[in-house]
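Notes follow the structure.
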Amino acid sequence: MAGGRMRLWKTPWPAFVVTLALGACAGFGAQKSDVIEENAYPKSYRSAIVDQLRLQLSDPKGIREAFLAEPTLKAHGAVTRYISCLRFNAKGPKGDYQGSKEYAAFFFAGGLTQVTVAPDDLCKGAAYQPFPELERL
């Protein structure tokens, strides 16, 4: 019996080692495809911003003087992200226009993460262009 056990133990070890080695190689390939490009350029940023503001603004209809700058890589705090600056005049909760304000749209891995009032100097020197899609909400 001892001889039978030895034969059973000797046979699986080479197969186990080969299986383990192949599994390790396959695991490395999967990890490479899971890498996220944090600063991928946002391709459909205009429609993403319009969709977000439709949900975020208290009255998204009748927006005036809408301007948008293309996303550019900017440092914000300790990170660098694609940020698109925008400026527009929207109605407040009571239906009156609030005046033109500057906002920043932040992107991560090509997707819009948030639109907030632009922090000081973040949008300084932005190359604004008309943003008619926002005015048509």
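Here is a yes/no grid of residues against (1) over 15 Å from the mean Cα position of the chain (by Cα); (2) aromatic (Phe, Trp, Tyr); (3) over 19 Å from Pro132 (Cα atoms):
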{"residue": "Arg54", "(1), (2), (3)": "yes, no, no"}
{"residue": "Pro71", "(1), (2), (3)": "no, no, no"}
{"residue": "Ala78", "(1), (2), (3)": "yes, no, yes"}
{"residue": "Tyr97", "(1), (2), (3)": "yes, yes, no"}
{"residue": "Ala104", "(1), (2), (3)": "no, no, no"}
{"residue": "Val115", "(1), (2), (3)": "no, no, no"}
{"residue": "Ala118", "(1), (2), (3)": "yes, no, yes"}
{"residue": "Asp121", "(1), (2), (3)": "yes, no, yes"}
Only listed residue being of a type in the set (Gly, Ala, Ser), touching a strand residue (DSSP E or B) at 6+ places or on another chain (Cβ under 9 Å) and in a loop (DSSP other than H, G, I, E, B), chosen from Ala40, Ala48, Ala66, Ala75: Ala40
Scope the stretch 51-63; condition surrounded by fewer than 16 Cβ atoms within 10 Å (Cβ to Cβ) and in a helix (DSSP H, G or I); matching residues: Asp51, Gln52, Arg54, Leu55, Gln56
All positions within the stretch 78-105 that are of a type in the set (Asp, Glu) and part of a strand (DSSP E or B): Glu102
Total residues in the stretch 70-113, condition crowded, with 20+ Cβ neighbours inside 10 Å and among the aliphatic types (A, V, I, L, M): 6
Any hit, the stretch 120-132, residues being free of Cβ contacts under 8 Å to residues at least 12 places away in the same chain and of a type in the set (S, T, N, Q): no
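Every number here is computed from the coordinates shown, using simple stated rules; none is lab data. Given the structure is predicted, the values throughout are model-derived calculations rather than measurements. Counting neighbours? That spans all protein chains shown, and the Cβs are built from the backbone with ideal geometry, glycine included.
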